[in-house]
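The structure appears right after this line, and notes come after that.
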Amino acid sequence: MFWVIVLSLYLTVELSPTKLLKYSAVIEKVLISLLILSITSFFSNLLPELLQVYISKTNLKFPKTGIVFVIIKFVVFVLGVITLLSYFGIQVAHFITTLGIAGLAVSLALQGTLSNVFSGLNLIASRQIEVGDFVRLENSEEGYVEDITWMNTVIRRRDNNLVVVPNSRLVNSIVINYKKPTPSMNITVSVVIPYSSDIERAERLALEVAREVQKTVEGADPSFEPSVRYSAFTELGITLNTTLRVLNPDDQFFIRHEFIKRLKKAYEREGIAFIQLLLPPFRSA
């Protein structure tokens, strides 16, 4: 509607009687300036919307705050301003030079902020960490990635509290992503078997219980063949490790819970003693 109004006014001026000719140049510049600004505003809103439609159709995981959307709007706005300056005969090269000097000054003043911003863009572009991924940080904090903002990455822990990590620190630290390449992961439960126990029977029972858990408990990978391995001699006995696989990181605690309960019952039923259960930190497959 705005474009129709501007076009109508422009045609009115062009086809007007001679008494408006002396103002036609000024009116024409004003109308074309408004048209350029309107087109700039239109495309700065259209392009992010088109990107949103593409993301929804391709089921891509994208941050809620949309750093990329803001950058697209800013780039279109700058192009519109440059076009407007060119129309008025202003040397765009001088404007770009001034903008570059101003940008250098701002970048020096906001070095830490820009470091976080570009680190956030790097996280989005690399897609190594995405919204919805379950990650574990170098300081042992773990949870689901809720959002990647301008400055920070927001992680929701299992207790439903949020951990806010600066993007620059996240990029420069070691992060375990349990959702990549697949959300399934291995977990290991360790138990110490006394030297006086029958280690062959202890191994066989652990394997039977592990297979039962894999086949019957929801959240376990039914196609995975569990493994049982003795790993070390200790002062109390021999360490027996049982490896299972879960389909999702959230399922690991329940699968571990079920396996420990069933293994204890099986050992007590068969008269096999065990010293303690060792629960090492879980690792992805």
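The values are calculated or read from the model by the stated rules, or taken from the named source; none is laboratory data. Quick caveat: nothing in here was measured; it's all calculated off a predicted structure. So basically every Cβ, Gly included, is an ideal-geometry build from the backbone, and we count neighbours across all protein chains shown. Side chains are part of the model used for accessible areas, which takes the heavy atoms of the whole protein and leaves out ligands, DNA and RNA. Shrake-Rupley method; radii C 1.70, N 1.55, O 1.52, S 1.80 Å.
Only residues that are of a type in the set (Ser, Thr, Tyr) and closer than 19 Å to Pro183 by Cβ were counted in the range 127-152, giving 1. Can you list residue pairs whose Cβ atoms sit under 8 Å apart, with the first residue in the range 222-236 being within 13 Å of Ile199 (Cβ to Cβ) and the second being open to solvent by 40 Å² or more (accessible area, probe 1.4 Å) and of a type in the set (Val, Ile, Thr)? Count only pairs 6 or more apart in sequence or on different chains. As it stands, the answer is Tyr230/Ile199, since those pairs meet every condition given. For Ser196, the conditions (1) assigned to a strand (DSSP E or B); (2) touching a residue at least 40 places away in the same chain (Cβ under 8 Å) are fulfilled apart from (1). Just give me the residues in the range 88-99 being assigned to a helix (DSSP H, G or I) and either open to solvent by 70 Å² or more (accessible area, probe 1.4 Å) or polar (S, T, N, Q) (or both), in sequence order. Listed by number, the residues that qualify are His94, Ile96, Thr97, Thr98, Leu99.
Condition check: touching a Ser or Thr at 6+ places or on another chain (Cβ under 6 Å), more than 30 Å from Gln128 (Cα to Cα) and open to solvent by less than 70 Å² (accessible area, probe 1.4 Å). Does Ala202 satisfy that? No, not satisfied.
Candidates in the range 120-132 are the residues that are in contact (Cβ under 8 Å) with a residue 12 or more places away in the chain and within 20 Å of Arg156 (Cα to Cα); of these, the one that is surrounded by the most Cβ atoms within 10 Å (Cβ to Cβ) is Gly120.
Scanning the range 211-227 for residues that are surrounded by 18 or more Cβ atoms within 10 Å (Cβ to Cβ) and out of contact with any Pro (no Cβ under 7 Å at 6 or more places or on another chain) yields a count of 6. Step by step: first the residues of the range 226-274, then only those that are touching a helix residue (DSSP H, G or I) at 6+ places or on another chain (Cβ under 7 Å) and part of a helix (DSSP H, G or I), then the one that is nearest to Lys180 (Cα to Cα). Which residue is that? Filtering first and then ranking leaves Ile255. Looking at Ser196, is it of a type in the set (S, T, N, Q) and open to solvent by 70 Å² or more (accessible area, probe 1.4 Å)? In short, yes.
Would you pick out the residues in the range 178-224 that are touching a strand residue (DSSP E or B) at 6+ places or on another chain (Cβ under 9 Å), within 26 Å of Arg136 (Cβ to Cβ) and either at pLDDT below 90 or basic (Lys, Arg) (or both)? Of everything in the range 178-224, those that are touching a strand residue (DSSP E or B) at 6+ places or on another chain (Cβ under 9 Å), within 26 Å of Arg136 (Cβ to Cβ) and either at pLDDT below 90 or basic (Lys, Arg) (or both) turn out to be Tyr178, Lys179, Pro183, Ser184, Met185.
Restricting Thr188, Thr153 to those that are buried (at least 18 other Cβ atoms within 10 Å of the Cβ), of a type outside the set (A, V, I, L, M, F, W, C) and farther than 30 Å from Glu235 by Cα reduces the list to Thr153.
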